[in-house]
Ligand SMILES: [Ca+2]
Ligand SMILES: [Ca+2]
């Protein structure tokens with residue numbers, strides 16, 4: 001997939017070129033993403049690194065961060081790339097939220113806090129391919145393998161306004177070259193990607209119940225505070241806007257606190 005590799009190199013041109021020159025030689029990225037590179041004998045395994053797209057409930061017209069989880073299966077994962085299919089026409093019920101990056105097609109993605117000193121996570125929209133390419137790469141400060149399994153980062157998605165309530169798959173591209181991973185030596189690792197799911201829900205009656213599960217959690221109250229402070233968008237928790245005037249207010253946050261205390265009764 002020369003196009004994707006080219007894109008990857010384009011997004012990350014500076015760190016990749018510096019890394020290649022200083023840490024492990026110019027061939028690392030090429031070998032990391034070349035199809036068919038064999039595993040060293042010590043790494044031969046029927047297992048694979050598994051990336052799972054997460055599941056979230058989002059109201060129609062709302063948005064949320066979708067977490068990505070990894071199971072390393074004993075491999076030393078240093079570089080990772082996968083593609084999320086967006087669908088088209090009637091199947092396009094969600095889209096990535098772009099902006100805030102250096103390029104207009106950069107998706108709003110973030111690495112988990114405990115990994116941020118060693119890794120970066122980027123996402124970019126590829127309209128011609130109808131997908132989003134997500135890349136996890138080591139920072140220049142360290143070139144170590146990922147230290148743990150579990151959620152490593154998240155990217156933000158928006159559900160199209162008017163989308164019917166229901167469950168919609170968040171699909172990984174399962175074609176052979178769509179996902180790739182390599183270790184610190186640039187050896188290609190086997191990788192498998194698992195789909196996630198977006199559940200489109202009605203705006204709940206419960207103020208501040210961002211995920212529509214019928215209760216207001218502490219995290220959702222913190223999210224409400226962030227919205228009032230301007231650190232997050234109202235679209236991430238439309239149910240906070242009880243009077244539907246397009247703005248989250250202090251009164252509405254206080255109502256959310258009340259709903260948290262009395263379980264939305
Ligand atoms: Ca909730
Ligand atoms: Ca309001």
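Values quoted throughout were computed directly from the atomic coordinates according to the rules given, and no laboratory measurement underlies them. This is a predicted model, so every value here is computed, not measured. With ideal geometry, Cβ positions are generated from the backbone for all residues, glycine too; neighbour counts draw on all protein chains shown.
Gyration tensor analysis over the Cα atoms of segment 83-210 returns equivalent ellipsoid semi-axes of 28, 18, 15 Å (largest first, whole Å).
Residue separation of residue 249 and residue 194 scaled by 0.36 nm, minus their Cα-Cα distance, works out to 15.9 nm of gained length.
Annotation: extensible slack from residue 95 through residue 226 equals 44.9 nm (criterion: 0.36 nm per residue apart, minus Cα-Cα distance).
Hey, what's the Kirkwood Rh for segment 148-265 if you take every pair of different alpha carbons, in angstrom?
After inverting the mean inverse Cα-Cα distance, the result is 16.8 Å.
Averaging over all projection directions, the Cα-based convex hull of segment 46-100 occupies 5.9 nm² in the image plane.
The distance between label points at residue 218 and residue 148 comes to 1.8 nm (points 7 Å beyond Cα on the Cα→Cβ vector). Here, segment 203-265 has an Rg and a Dmax of 9.8, 29 Å when only alpha carbons are counted.
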